[in-house]
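A short worksheet on the structure shown next.
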Amino acid sequence: MRAARADGEQPPGTAARAWYRPMVARSADEEHRSATMLELFFDLCFVVAVAQAASALHHEVAAGHVGDGIVGYAMVFFAIWWAWMNFTWFASAYDTDDIPYRLTTLVQIAGALILAAGVPDAMDGSDFAVITIGYVVMRLAMVTQWLRAASTDIPHRRSSLRFVAGIVTVQVGWVLRLAMPEGWAMASFLVLVLAELAVPIWAERAAPTSWHPRHIAERYGLFTLIVLGECVLASTLAIQSALDGDAALADLATTAAGGLVTVFGMWWVYFSKEAHRLLTSLRAGIIWGYGHYLVFASAAAVGAGLGVNVDRVTHHAAIGARGAAAAFTIPVALFLLSVWALQVRPHHLGRWHAALVPTAAVLVLAATLTPEPVLVTGLLVAALVAASVAAAPHAASA
């Protein structure tokens, strides 16, 4: 893949210099733009950190440490998601696929693996040093990319330099946070999160970068697939572990079936509408992109919740039946509502069609009170998909 100028032409003399290409803005209308092999590799390595966070959430909730588990998971997942998101949007605007770009991206991947190694200690609140180091490595690698863009893409130089200044400043804050008193941990985290979220908004106001709507939508869709796949893997490993412990297959059948149908339905709901049509402005892109924190985090948490229910069936969980059920139904409902708000509701469907997902989410939460919450949730999500398919022709003709 080669870098393209805004007019779609290659920079002069770069065809024979694959080792280095000037980093200039790619066209937002570039045809046949798709994810690269490097981006796919990047996602696969990041899912290691996602798997670590979901696994730690599973064990914390199963042990009855629900509050600590949720808070730790939310904090850790922010670091994973934010680093992934920043790379994704930068690559959409500036991917040169030359050697310096590839090497810098591989450094970011190394940072993600360091972060993944620090997830267990961060989740139990004992040590944030390793996860912070991994995060800072990823973010400082991103700084070098923005410096490259600032040096060669003159029209967007102000925006690039704002990204550099903002990212570096916030990383200093993350490092200083390690030395702060324990009582300041949550307050400092929230302040730094707000600062991270503010940097792109501030930087893009100087000169919006030329991200590609179809490419962004594809990248988010691919990461959703990977997270859902990790959810299936986590569920499979939990059931396998239960069977190795001589659990009766009949005891696990409804839980396994309900979990599988739920994940199938989540996939169907997410990909039922074309997302790129919604990315019509910077404001729309920010809302849609930031909102996916809830989509990704809830999707990964579904696998953890299913694992908790498997543990409950096999009497390996300290949490009660209602708590185990809620560990599964709440992230499913959150996923449905997040996807509805970001990708279903904006399509201006008819009232009946638009109300299907919120109604299903409420019923999923109510499934917590049933004897078979996972199975009932799966049936509800399947019913949602069937009703949406049946309503689609009517919505199109409305």
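List of remarks:
- Residues residue 165 and residue 386, FRET efficiency given R0 of 56 Å [Cβ-Cβ distance, rounded to 0.05]: 0.65
- Here the accessible area is traced with a 1.4 Å probe on the protein chains. For region 285-386, carbon and sulfur cover 71 percent of it.
- Check: the chain dipole with +1 on Lys, Arg Cβ and -1 on Asp, Glu Cβ, in debye: 1320
- Heavy-atom accessible surface of region 40-111, averaged per residue, reaches 30 Å², computed with a 1.4 Å probe.
- Region 70-115-region 207-284 distance, computed between alpha-carbon centres (Å): 20
- Cβ-derived FRET efficiency at R0 25 Å, residue 354 paired with residue 271, nearest 0.05: 0.90
- Peptide packing for 177-190, 363-376, 323-336, 84-97 was compared via the average number of neighbouring C-beta atoms within 10 Å per residue; ordered from the highest value, the list is 323-336, 84-97, 363-376, 177-190.
- Size descriptors for region 84-234, from the alpha-carbon set: Rg then Dmax equal 16.5, 47 Å.
- In the context of the full set of protein chains, residues of region 273-345 present 36 Å² of accessible surface per residue (probe radius 1.4 Å, heavy atoms only).
- Net charge of Cβ neighbours under 15 Å - reference residue 260; Lys, Arg +1; Asp, Glu -1: -2
- Helical segments meeting 24 Å axial Cα length and Kyte-Doolittle 0.0 threshold in the chain (DSSP H): 37-62, 66-94, 99-123, 129-152, 157-177, 185-204, 213-244, 249-270, 282-313, 321-339, 373-397
- Distance between the pseudo-spin-label points of residue 286 and residue 176 (7 Å out from Cα toward the beta carbon): 2.4 nm.
- Label point distance in nm, residue 103-residue 68, each placed 7 Å from Cα along Cα→Cβ: 4.4
- Helical mean residue ellipticity (222 nm; -39500 (n - 2.57) per DSSP H run of 4+; nearest 500) of the chain: -25500 deg cm²/dmol
- Bins of 10 Å from zero: percent of alpha-carbon pairs in the chain: 5, 22, 30, 25, 15, 4, 0
The values are calculated or read from the model by the stated rules, or taken from the named source; none is laboratory data. Fair warning: this is a prediction, and the values are worked out from it, not measured in the lab. Cβ coordinates were reconstructed from backbone atoms using ideal geometry, including for glycine residues, and neighbour counts include every protein chain displayed. Note: areas computed on protein heavy atoms with side chains; ligands, DNA, RNA excluded. Shrake-Rupley method; radii C 1.70, N 1.55, O 1.52, S 1.80 Å.
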